[in-house]
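Taking it in order: structure first as structure tokens, then the write-up.
Throughout, read-outs are computed from the coordinates displayed, never taken from laboratory work. What you see is a predicted model; the values in this text were computed from it and never measured. Using ideal geometry, Cβ is built from the backbone for each residue, glycine included, and neighbour counts are taken over all protein chains shown.
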Amino acid sequence: MARKTTLAIALVFASIAFAAVAAGATPISGTVTVENGTADGANVTVTPMTQGFQQAAKPVRTQIDGEEFSVNAPDAPLYLVQVVHDGAVHYEVLRNETSASMTLNQSLSGTVVNASGEPRTDAAVELTSSSGYSVDRTKVDSNGTFSFGPLKPNATYRVQVTVDGVPYVRTISTPGAGATNGTDSITVETPPPTDDESVLNVSGGNPASHVVQVIAPQNASQSPSAVETLTLRNEGDKPFVGSVELVAPKGAQPYAAMFQGRQTDYQKTPRGVSLNVTVPANSTARVGVAWDLRGRTLEKQFDRDADSVAVVFRGYQPENVTHSENLEAGDAPIPLLTNTEPISANDTIRLDLPAVTGSASASANGSGTAAQASAESNSMPEFPALALFGGLVATVAGGFVAYRVL
Amino acid sequence: MTPGTILLAVAFLALVSATGLLVRAYAADDDQYVEYVTPLLGGAVALLTSALGYLTYQFVTTDYSNAYVWQNTADYLPLLYRITGVYAANEGSILLWATIVSFVALSAALLRGMEGRDTKLVQSLTVGVVTYFVGMLLLRSPFAPVGSELPNAPDGYVPTSGQGLNALLVDPYMAIHPPVMFASYALLTMPFAIGAAHFISLLRGNGGLYSTWIGSVTRWLRLSWLFLTAAVALGGLWSYTVLGWGGIWAWDPVETAILVPWLFLTATMHAVTRYRPDGEYTILAPAMTATTFALAVYTTSVVRSGVFRSVHSFASGGIGISLLVLMGITAVLGVGVPFGYWLLRDGEERTSTDEWITRSNMLHGAVLLLGLLTFVSLWGLTFPVLRDAVSGIEVSVESQYYNLWSFPLVVAALLLLGFYMDFDVEGKRRAKIGLGVFAVATVVAAFIAPSETWKLTPNPANGSLFYQLIGNVSALAVLPPVAYVCLGMFKRAAERIPAAAGRDAKLKEAGITTIHVGVALLVLSLPFMYLFAGQASVMATGLASGAVDSSEKPIEGTDYSVRIFGYSSSEFPRNPPVDTYALSTQKVLERGQSLNGTVQTVSGTVTNIRQGPRATVVQLDGSGVWVGVPQANGSSASVSVQEGQQIVAKGRLMWNFVPNANAMVLTNSSMIGSANAPPEEVVPTRVEANGVSMGVYRDGSKVTSGVAGQRKYVQQGGMQVRDVLIERGLISDTYVIVGVSDGTASITVKRIPMMSVMRLSILMLLAGMSLVLLYDPAHGVRSRTRAKKAESAAGTDVETADD
């Protein structure tokens, strides 16, 4: 009797233990304080994220009760906490912590003026958090002014004003608690844009300002392809609106182009492709082109200076690739080649790629670009039917023989 | 009260009386009035069948005075789908279920009679289940008048068109999958009744009845397993064709809900083969027998009732709460009573022998592993519900939970199965070596992953050690256990089939072999089917412009290409007869006042046209039905109808609106026209189908061709169903999904390997079980009838060792 009861209880405990492994959860709590107001009843969304800032599990939602909230969210390395207050969304990223504390006591006001200082009345303004998420958006009033708030103290925000489709970007930091080192009002000038390509430099970006991703073909009869991604920085004081030309690797044909991670239209030119881009002053934008290479050689002459160049691979091992001497193996978490010294216009890099044997593995590395995503979704792993069934039949037959003989 | 409800009510009365008489006879332990039970039950079966027939008739004739008919069908549907609409929603499904259960109860009554106290208990439980179902139907009848759904409509109002059938159910599989599933659930009622009655009998000191019913139990279990397997398989194949995602299994709660009883039923059958009245499994086998039905009801409740999901559905769901009560009853009888008996029974533990590796211990292992597999699925289904109830957060259980927890259990079960079969033939020492070799091979294979594709889940979202470990296991790990099972089964069959005494015994052995090899092939096919499924997409533009570019378009990154031959866009129903969507003047007058204020389409021959200052009015068929077309802002609106022409018009119908007219349909000039060429807006469009005819090529040679696209059900919230193109191949299926919008087709070609192996394995399961069900010398259906004929075993089942 006692043994059975113990067994029954043990079974119950086993179930509970099973539960903990089946889907672990972390309690996430936080406080949201609003100066001269309350966040009571505001919606809170906690999204579990991976290290790579991808959504890891379904978001959980709750509401603020008084100043506090608490939810149980599925286990994840990071959590993105979103609080919707007064039409604006405020963010906090939790790394290695489970408690969020948010104070909303700052504000930002601004005026949008044209080059001669007159207020502009047709501007849209968007406020973005330092993590890149949209916080709030508004339009200027008849005096050309706008305001946001309450906002977090000591926080970096990006203000993007758009007039006639042309963006103007400013980055501000709100003042800290009681301190004055911050901005609570700005004036955004909106000079007419330029189409002079010389204001653009290749600079910034991760892991490099000029990334060449080399993708192995699915089978040996096809040619590899390459995706070039350039981070363009507008060094001038006017937005750039116009077309830029990207030069093709030798013999390569374009098949897709992207701007800021989205596929876009392009025109073929004698040297490569040209695409329309918009880069705010003192800001960056990413452009990319996907090429089909001719043969297993990539030879690329640069037409712009680049402070850092990275070549990443999909389906190739860098050690099997023969490359020109101005490249060397890099020390990043992903296998890549980087430039030995800054590359200037008219420099050339060259890669000789090995032949692909069998089916190329779809091991994903390299930076996430739109072209990569679309290429990745096309995958047809070869099913080793013959080997598998041959193995099965051979094992069974071999087993028969083995039992007979032994 | 509608005729259908009366049929149900009379059936309910008959069943209540039958249950009452049985319970009385059981309590008093006499045979008074028991002779009335079978006729009452027969009457109930006839009444329920008539009710089902009547409902089907209402569906076929689209009698929209019945709310359930109105909600689940429409005139444009072909006959087949009008019939299948009967079980498209809860009420009709329960009626179907109840009818099948009543047949099961009647057949049990006819086969076993009412002799003896225990028999009466079993029969009263089965009849009780039927009674309960019919009671549920009375609470929420499939025969409710349409007025109950449209409280604001005038008395006697009958809609002229139905809401239509859920678009996903417009599929040939609909005709077969639900009846098979309900039949399997209904068949589980008998084992449940026997198992539960056994424990009631034990607790009352009557010694139990399981041993005398073991033959029946075995047959009912096998029959329900046969149906349940077919139901799961048909459901998987249905989702393969209709859902358009190219898979057979997605761990959807509804799918998991049917898998749980399947797994547990499989475990139960293994326990029952080892049942000895005074030896092993005296408690567990009957307990599991009773629990299977309780599990089926439980999982159905979880996914169907809505009660678990939200407390609010208590108010609306008559079926939900009834299912919940049924769940409570079956849980108490099927789980609580056996468990209580087990706890209370004087602990006379069997002394274990020194021998560890015995066939019965291995069977214990099989039952345990199958039980654990059931638990994995059951827990995945229950966990979100519990979590929701406790913390208010609804979490979804990812498929990787089911896959990664089930995988090692399945591999272990296969190794055990191989060992068991080997042990039978080779004896302990040699079998142990075999197990060692294959176990090592399994572990080694788990590390052999030629590419990431082979790994089960290379980057599991849950980073815990278990998921990391199993997620990185290579699918190749299934190969050694599968080979081991095949080897063991073949060797055993080669030895035992020739040695078996008589044709029946040979056939049974062949059946057992077929089933287990089928399972091994099924396990082999599943991981590869998912891991090696590939897909690639390509866009084709400029379809609607007429000039279709039929050049070959390569699909980037693959050796596939597609070619578009044409584009078609069509609407259904196509040129429907006027009387399917418009009321004749005679019908308008018949329905009279009840149509007042509703929007109707009417048709008739123009007999009079009067041009007024503000409106033109048209008389139809010389009757009191007129159509009025008001003129906008005094303009001289032209109504292009002539006397003698047959027209249709759609608008709001006003009863006694003007003097000298019974009904006036107020319309506008775009909603009136000739019946031969009716205006677009008048003719109801149900389905918009878009498709491209296309060919798929691999390395330049044709793989498949045909039409693929989608159907949009405009009157059902714009729900879309994919028409996929499937080329079934020996090694892999080619599966083409096309989405057409704005003249652009996005074409996705999928390649899914192992589908043929999976289909073969399902057939093997069904064929093998049919053989065992029919020819088992001990409990087979055929053997039993023959034995009866020989009058050698009248009354009770033959008790022979099973294997």
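Which lysines have a Cα less than 24 Å from the Cα of A:K238, not counting those fewer than 8 places away in the same chain?
A:K139
Suppose R0 equals 60 Å. What FRET efficiency, 1/(1 + (r/R0)^6) with r the Cβ-Cβ distance, do B:S569 and B:V325 give to the nearest 0.05?
0.75
In whole angstrom, note down how far apart the Cα centers of the stretch A:124-177 and the stretch B:420-472 are.
First find each Cα centre; the distance between them is then 57 Å.
Note down the Stokes-Einstein diffusion coefficient of the stretch A:114-237 in µm²/s, whole number, using a Kirkwood radius over alpha carbon pairs, 10 °C, and 1.306 mPa s.
The Stokes-Einstein estimate is 90 µm²/s.
Could you give the distance between the Cα centres of the stretch B:480-501 and the stretch A:56-114, to the whole Å?
Value for the Cα centre distance between the two parts: 63 Å.
Among DSSP bridges having both ends in the stretch A:25-104, what percentage is antiparallel? Round to the nearest 5.
Roughly 80 percent of the DSSP beta bridges within the stretch A:25-104 come out antiparallel.
Sticking with the crude label model, points 7 Å out along Cα→Cβ, report the distance from A:N96 to B:R345 in nm, one decimal please.
Each label point lies 7 Å from its Cα, and together they span 5.7 nm.
Which entries of B:K455/B:K712; B:K650/B:K712; A:K58/B:K553 show an alpha-carbon separation above 29 angstrom in the structure shown?
Among B:K455/B:K712; B:K650/B:K712; A:K58/B:K553, the Cα-Cα distance tops 29 Å for B:K455/B:K712; A:K58/B:K553.
What nm value, rounded to one decimal, do you get for the distance between B:A28 and A:Q260 when each label is placed 7 Å out toward the C-beta?
8.7
List the residues, sorted by chain then number, that are 5 or more residues from B:G729 or on another chain and whose placed amide H is less than 5 Å from its amide H.
B:T734
Relative contact order, percent, of chain B when contacts are C-alpha pairs under 8 Å separated by at least 6 residues?
Once normalised by length, the contact order is 10 percent.
Once you have a ≥ b ≥ c as the square roots of the Cα gyration tensor eigenvalues for the stretch B:105-259, tell me rounded if a/c is under 1.5, and otherwise prolate or oblate according to whether a/b is larger than b/c.
Details: a/c = 3.12, a/b = 1.48, b/c = 2.11.
Since a/c reaches 1.5 but b/c is at least a/b, the shape of the stretch B:105-259 is classed as oblate.
Taking GluC sites (Glu not before Pro) as candidate sites, keep only those in a DSSP loop with at most 11 other Cβ atoms within 10 Å, then name the longest stretch of chain B containing none of them.
The longest uninterrupted stretch comes out as B:356-642.
Could you work out the relative contact order of the stretch A:25-104, using alpha carbon pairs under 8 angstrom and six or more residues apart, expressed as a whole percent? Mind showing how you got there, number by number?
Numbers: 188 pairs, mean separation 30.9, N = 80.
In percent, rounded to a whole number, it is 39.
Filter chain B for me: DSSP H helices, axial length by Cα at least 18 angstrom, mean Kyte-Doolittle hydropathy not below 1.0. List them by residue number.
Both cut-offs are met by B:3-28, B:37-60, B:90-112, B:117-139, B:189-203, B:253-273, B:284-300, B:318-331, B:359-391, B:428-447, B:755-775.
Do the sum for chain B: with -39,500 (n - 2.57) for every DSSP H run of n ≥ 4, divided by all residues, what is the mean residue ellipticity at 222 nm, to the nearest 500 deg cm²/dmol?
Result for chain B, helices only: -17000 deg cm²/dmol.
Determine the distance separating the Cα centre of the stretch B:235-271 from the Cα centre of the stretch B:62-126; give it in Å without decimals.
Answer, in whole Å: 23.
Give the dimensionless ratio obtained when the Cα radius of gyration of the stretch B:392-515 is divided by 2.2 N^0.38 Å.
Details: Rg = 18.5 Å, N = 124, 2.2 N^0.38 = 13.7 Å.
Cα-based Rg divided by the globular estimate yields 1.34.
Give the cross-link partners of B:K508 among the aspartates and glutamates, using a straight C-alpha distance below 17 Å as the criterion and excluding same-chain residues fewer than 8 apart.
The reachable aspartates and glutamates, counting only those whose Cα sits under 17 Å from B:K508, are B:D424, B:E495, B:D776, B:E799, B:D802, B:D803.
Go through B:K428/B:K491; B:K702/B:K750; B:K432/B:K491; B:K428/B:K506 and tell me which ones have a Cα-Cα distance over 20 Å in this structure.
B:K428/B:K506
Of A:N181, A:V166, A:F148, whose Cα points farthest to the positive end of the dipole of the stretch A:106-190 (charges on the beta-carbon: +1 Lys, Arg; -1 Asp, Glu; origin at the Cα centre)?
Of the candidates, A:N181 comes out farthest on the positive side.
Loop-only check: which trypsin sites (Lys or Arg not before Pro) in the stretch B:111-204 are DSSP coil with at most 12 other Cβ within 10 angstrom?
B:R204
With the Cα gyration tensor of the protein assembly as shown giving a ≥ b ≥ c as the square roots of its eigenvalues, does the rule (a/c under 1.5 for rounded; else a/b larger than b/c for prolate; else oblate) give rounded, prolate or oblate?
Cα axes put the protein assembly as shown in the oblate bin.
Dipole magnitude of chain B about its Cα centre, charges +1 at Lys/Arg Cβ and -1 at Asp/Glu Cβ only, in debye to the nearest 20?
640
Of B:I731, B:M758, B:A778, which is farthest towards the positive pole of the stretch B:717-779's charge dipole, taken about the Cα centre with +1 and -1 on the beta-carbons of Lys, Arg and Asp, Glu respectively?
Of the candidates, B:I731 comes out farthest on the positive side.
In debye to the nearest 20, how big a dipole does the protein assembly as shown give about its Cα centre with +1 on each Lys and Arg Cβ and -1 on each Asp and Glu Cβ?
So the dipole magnitude of the protein assembly as shown works out to roughly 3640 debye.
At a Förster distance of 56 Å, what's the computed FRET efficiency of B:R204 paired with A:Q55, Cβ-Cβ distance as r, to 0.05?
Rounded to the nearest 0.05, the efficiency is 0.45.
Which shape class applies to chain B: rounded if a/c is under 1.5, otherwise prolate when a/b exceeds b/c and oblate if not, where a ≥ b ≥ c are the square roots of the Cα gyration tensor eigenvalues?
Oblate, because a/c is 1.5 or more while a/b does not exceed b/c.
List the lysines whose Cα lies under 18 Å from the Cα of A:K268, skipping any in the same chain that are fewer than 8 positions away.
Within the straight-line limit of under 18 Å, A:K268 reaches these lysines: A:K250, A:K300.
Which of the listed residues, B:T84, B:P191, B:V473, is farthest toward the dipole's positive end in chain B, when Lys, Arg count +1 and Asp, Glu count -1 at the beta-carbon?
In chain B, that residue is B:V473.
Taking amide H positions as placed 1.01 Å from N in the peptide plane, with prolines and chain starts having none, which residues 5 or more places from A:V188, or on another chain, fall under 5 Å of its amide H?
A:T111, A:V112, A:V113
Rg and Dmax of the stretch A:25-104 over Cα atoms: what are they, in angstrom?
Rg, Dmax (Cα atoms, Å): 11.9, 37.
I need the trypsin sites (Lys or Arg not before Pro) found in the stretch B:673-733, filtered to DSSP loop residues with at most 16 other beta carbons within 10 Å of theirs. Walk me through the numbers on the way to the answer.
Working: sites: B:R686, B:R698, B:K702, B:R711, B:K712, B:R722, B:R728; in loops: B:R686, B:R728.
Of the trypsin sites (Lys or Arg not before Pro), the ones in loops of the stretch B:673-733 whose Cβ has at most 16 other Cβ atoms within 10 Å are B:R728.
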